[in-house]
Each structure stands twice: as structure tokens, then as C-alpha cells.
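Novice: Can you keep this structure in mind? I'll have questions shortly.
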Amino acid sequence: MIVSSLKKKNSSVELYFEDGNSIVVDYGVVVSNGIRKNDDLSQDKIEYLLNRSELKKIQNYAFRFLGIRNHSSLEIKLKLFKKKFPHDLVNEAVNDLLDRNILNDQQFAQQYLEEKTTKGKSGPGKIKSELIRKGISREILEELFAKADNTQTIETALKLAIKKQKSIKEKDFKKSKQKIFSFLHNKGFDSDIIANVLNKLKLDDE
């Protein structure tokens with residue numbers, strides 16, 4: 001099909017053909033493929049241009065999501081799937097962003113852990129479960145939590161326990177202790193951390 005003219009529209013270019021048909025292609029795709037007036041494009045070439053344009057559109061959506069906040073690669077994939085984009089192109093787009101380090105699951109996990117730790121509302125177990133749901137690999141998690149500051153974890157658990165202790169009206173020592181244990185366990189702290197915290201609390205065994 002012979003290209004009779006090209007008309008740029010924002011970030012796209014509409015290619016008009018001599019038979020009266022037209023297609024809209026991403027501007028960058030047109031430039032990178034050197035498309036010009038009077039070019040004779042095969043059907044395969046036209047399909048390729050449309051395919052690459054769809055890929056660009058997918059990547060632009062990914063950049064919008066990343067402009068709001070950092071995401072894991074799985075989070076980006078799931079959001080793009082919801083937009084009804086072809087799965088093969090979504091996977092290609094995400095893999096390209098990973099290759100260019102625009103998406104980085106290790107950096108995302110590190111940032112997520114730091115933010116959650118700073119907020120002081122969750123323990124390592126809960127944070128790890130959340131990261132698993134976000135698609136972070138076991139290898140990344142093992143390395144990440146192996147370097148985690150145990151002192152900070154204890155301080156966070158202690159602050160939560162003190163706050164919880166003030167809200168407990170139970171006078172029975174064992175029941176009060178059990179409530180704090182369950183509370184911290186549900187927050188994602190392991191038994192060793194909880195035992196350490198309980199030893200620091202002023203619980204009168206009367």
C-alpha cells in the first residue's frame with residue numbers, strides 16, 4: 001500500500017494510503033522505521049507498525065502508573081491487564097522496562113520495607129507477605145530481610161505493644177500477656193521478637 005500523506009496528531013501520526021484507507025501510528029515508531037510519503041508498505045509491515053504502536057501505548061500507561069508511585073513488575077502487569085492489552089505485549093513492555101532498570105523489583109522491595117518500617121505499624125512477617133503478593137521473588141526477600149535491622153524491629157514492636165497495653169482493661173496477667181502476644185503476632189512479628197518485647201514491658205504478675 002502506497003503512503004499518500006502523513007499527518008501528525010500530538011504523539012501520533014496518521015498514515016493515509018492511496019486506496020483511501022488510513023492507520024494511526026505512534027510518532028516514535030514512524031520515525032524509527034523511517035516511514036515517508038510514497039513508501040510502499042506491505043500488510044506485514046503495517047501490522048508491525050500497529051503492533052509497535054500498541055507496545056508504545058502500553059509503556060506510556062506503565063509510565064503513568066510509575067509517575068504516581070513506585071510499583072513492582074507484577075503490579076504493573078496486573079494494572080495493564082485490566083486495561084485489556086494483549087498479554088504478550090504487556091509482558092514484552094514490562095520486560096523491556098526491567099531490562100532498562102526503569103522497573104526494579106529489588107529496589108521496590110527495599111523502598112517498601114523502609115516505608116513500612118518507618119510507619120511502624122507492621123512487623124517483618126506481615127511486610128514479607130505483602131511483598132510476596134506483589135510478586136517479589138523469594139530470593140530478593142531472603143536477601144532483603146537478612147540485612148534488616150533487628151533493633152529497629154524490636155523498637156517498633158515495643159511501641160506497638162505499649163500502645164496496645166494501654167488499651168487492655170484485662171487485669172489478669174496471663175490473659176493480658178496473651179492479648180499482646182496475639183496482637184504482635186497478627187502484626188507480623190515472630191515469637192522471638194515478641195518474647196523480647198514482653199520481657200521489656202512492665203507487666204505485673206499478681
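Novice: Restricting attention to region 16-39, and to residues there that are surrounded by 14 or more Cβ atoms within 10 Å (Cβ to Cβ), aliphatic (A, V, I, L, M) and within 21 Å of Ile58 (Cα to Cα), which single residue is farthest from the chain's Cα centre (by Cα)?
Specialist: Ile23
Novice: OK, next. Can you confirm whether Leu80 is of a type outside the set (Gly, Ala, Ser), closer than 30 Å to Lys187 by Cβ and not assigned by TED's automatic domain parsing to the domain that holds Asp190?
Specialist: Working: of a type outside the set (Gly, Ala, Ser): yes; closer than 30 Å to Lys187 by Cβ: no; not assigned by TED's automatic domain parsing to the domain that holds Asp190: yes.
Spelling it out, it is not the case that Leu80 is of a type outside the set (Gly, Ala, Ser), closer than 30 Å to Lys187 by Cβ and not assigned by TED's automatic domain parsing to the domain that holds Asp190.
Novice: Test each condition in (1) out of contact with any Asp or Glu (no Cβ under 8 Å at 6 or more places or on another chain); (2) without any contact (Cβ under 8 Å) to a residue 40 or more places away in the chain for Phe85 and report the one that comes out false.
Specialist: It fails just one condition, (1).
The values are calculated or read from the model by the stated rules, or taken from the named source; none is laboratory data. This structure is a prediction, so every number in the text was calculated from the model and none was measured. Note: ideal-geometry Cβ built from the backbone for every residue, glycine included; neighbour counts use all protein chains shown.
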